[in-house]
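No lab work stands behind these numbers, since they all come straight from the coordinates. Fair warning: this is a prediction, and the values are worked out from it, not measured in the lab. All Cβ positions, glycine included, derive from the backbone under ideal geometry; neighbour counts span all protein chains shown.
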Amino acid sequence: MKGIANSPARLSDNALRLLHARYLIAHETPDDMFWRVARSVAHAELTWGNQHDVERWADAFHHAMSTLCFLPNSPTLMNAGTKLNQLSACFVLPIADSLEEIFTTLKHAALIQQSGGGTGFNFSALRPRNDIIKSTGGVSSGPVSFLQIFDSATEYVKQGGKRRGANMGIINDSHPDVEEFVSCKTLPSTLRNFNISVGISNRFMSAVESDAAWDLVHPHTGLVTKTMPARTLWKAIAESAWRSGDPGLVFLDHINAYNPTPMLGSMECTNPCGEVPMLPYESCNLGSINLSAFVNDRSVKSDFDWGRLANVVSIATRFLDNVIEVNYYLLPETKRMAMGNRKIGLGVMGWADALGKRQIPYASKDAVALGNKLMRFIEEKSISASVQLASQRGAFPNWGKSVYFPQTPIRNATRTSIAPTGSISILANTSPSIEPWFALAFDRTHVLNDETLSSINPIFQEYLEQNVPESENVLQTVRSTGSAKGTALSAREKAVFQTALEIAPYWHLQHQVAFQKHTDNAVSKTINLPEKTSSQTVAAIYLEAWKNNLKGITVFRDDSAKPVMVRGIRTTSKACKICTE
């Protein structure tokens, strides 16, 4: 457990503001929080060991977090060691086609969101709009109407009492109401608490490629309600995504091809950001490794500290397995599924920062190759750690019904997942997930109610101070525009410091593909597009995502919706030195 990092990291001003607003309990310091979480999660060691083990692993967990090498998902930071103690980030709940079952699910969702968790639903089992309801003689209002009811309920239930609830809503490509669903977020301020995605089958994609007809089918009777050209629906999907950023696509056949427990059922839904496909009532505990913390001396073209990284992967895998043990489960069904499959999702953040420290352009083969190497390494070390845990604690109980049986006893049915890390990347002073830098200087709005957090990329700022004479002129331009494009920097320097909208969609996709190859859950990644991008380009990106065996895809065209981040600093306050999202 030695060699994680040196001393505890200094938290940025923005990180401290966020901690005080959302994470710290009364009279708690940030280090108190890390100790609270470390000791609570280490308490699981008593199941297999003794108090000495608890203290030993609490030290290791605290050091990994306080040095910002690893952070768990927000519910764990907020709730571990408190009376609530609900530590899971995300849940999938089933929705069956009766009023009682629908509102039971809504009740469960409200309880989960109140405790800090996000929820995902596939509404495809609901009968279509205007379908006759035999028990009452009335007609159905359809899945989209219930999506709106769930959204309204979420509006009044903040996650953990501290942030807005988050949902994923999915309807499959053959549902009779899929056309209505596809366009349901094109009006401003509609379904503010939902990301939506179409559940896509390989059969539909083949119909799109061959320009074949596509049947919409009643989910109960199996009768065809409408036949249309597959490309008509495909065009509608692309145009709505072009207009509003929704819907994304969830490739259900690709997801189920990698289902670790196919005997337990098919996965039809994901968590709110798409990085964890799950069976009904499954939940997942997430955590992310800060890749930028493992870059060696940035003054030379250095590599990663692979030894330290391997150590932290092992510690983080144990941490997340412990979370399953000490977690409080609001529903007996989620406890049964969590304990049965013991799924965890270890991911990464700080990828853009790590590349920037090494002076590798995001839009390059070198960056993609390094991403592939890094995630393969993390995958291998997380598997090794999970196998080792299984030798000490036993394989997950549903192992006999899994793809690992009988060759590989393993503790966790899944181990890796690339989450967005929107909040914890602020805490870690690093770039989120595997995204490129949004901007080199920007204002982040609506994170802390009406407050604005202003940021200048510290890696860029440090590079200027060390390498560019009269750097203040360059910094002034970047502060105004958020980009190095209009500065006097060299072409090579501008390539290294390119931001999301300056990077071609091809490179965004290549990074997602590289990380997905070695991620057994999924990758949450947004393909940022300039405002002038066409809907045909969106369709082409979606098609390439399917061809590259991704499990999901999301795009966002600049200015197609109210932004959370604005390029350049508009506020008069001095920006804090934290990395971009």
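Quick one: putting +1 on the C-beta of Lys and Arg, -1 on the C-beta of Asp and Glu, what dipole do you get for segment 90-270 around its Cα centre, in Debye to the nearest 20?
Around 580 debye, computed over segment 90-270.
Tell me what the chain gives for mean residue ellipticity at 222 nm when only DSSP H runs of n ≥ 4 count, each as -39,500 (n - 2.57), the sum divided by the residue total, rounded to 500 deg cm²/dmol.
One gets -12000 deg cm²/dmol as the mean residue ellipticity at 222 nm.
Taking amide H positions as placed in the peptide plane 1.01 Å from N, state which residues far from V348 in sequence (5 or more) or on other chains have amide H under 5 Å from it.
Placed amide hydrogens put I289, A419 under 5 Å from V348.
Determine the shape class of the chain: with a ≥ b ≥ c the square roots of the Cα gyration tensor eigenvalues, call it rounded for a/c under 1.5, and otherwise prolate if a/b is greater than b/c, oblate otherwise.
oblate
Quick one: Karplus J couplings for segment 84-90, per residue in order, coefficients 6.51, -1.76, 1.60, θ = phi - 60°, nearest Hz, x for Gly and Pro?
5, 6, 8, 10, 7, 7, 8
For segment 435-567, rounded, prolate or oblate, judged on the Cα gyration tensor with a ≥ b ≥ c (square roots of eigenvalues), a/c < 1.5 rounded, else prolate if a/b > b/c?
It comes out prolate by the Cα gyration axes.
Just to confirm the filter: which trypsin sites (Lys or Arg not before Pro) across segment 494-544 are DSSP coil and have at most 11 other Cβ within 10 angstrom of their Cβ?
Answer in residue order: K532.
Once amide H atoms are built 1.01 Å from N in the peptide plane, which residues 5 or more positions from G248, or in another chain, come under 5 Å H to H?
Those qualifying (amide H under 5 Å, at least 5 residues apart or on another chain) are I196, S197, V198.
Pull up the DSSP beta bridges for the chain and report the antiparallel fraction as a percent, rounded to 5.
45
List, in the order given, every pair from K226/K525; K83/K525; K83/K335 whose Cα-Cα distance in the structure shown is over 25 Å.
Violating the 25 Å limit, Cα to Cα: K226/K525; K83/K525.
Please get the size of the charge dipole for the chain, origin at its Cα centre, with Cβ charges of +1 on Lys and Arg and -1 on Asp and Glu, quoted in debye to the nearest 20.
Computed about the Cα centre, the dipole is about 440 debye.
Once the mean 1/r over all distinct Cα pairs of segment 332-417 is inverted, what Kirkwood radius in angstroms do you read off?
14.7
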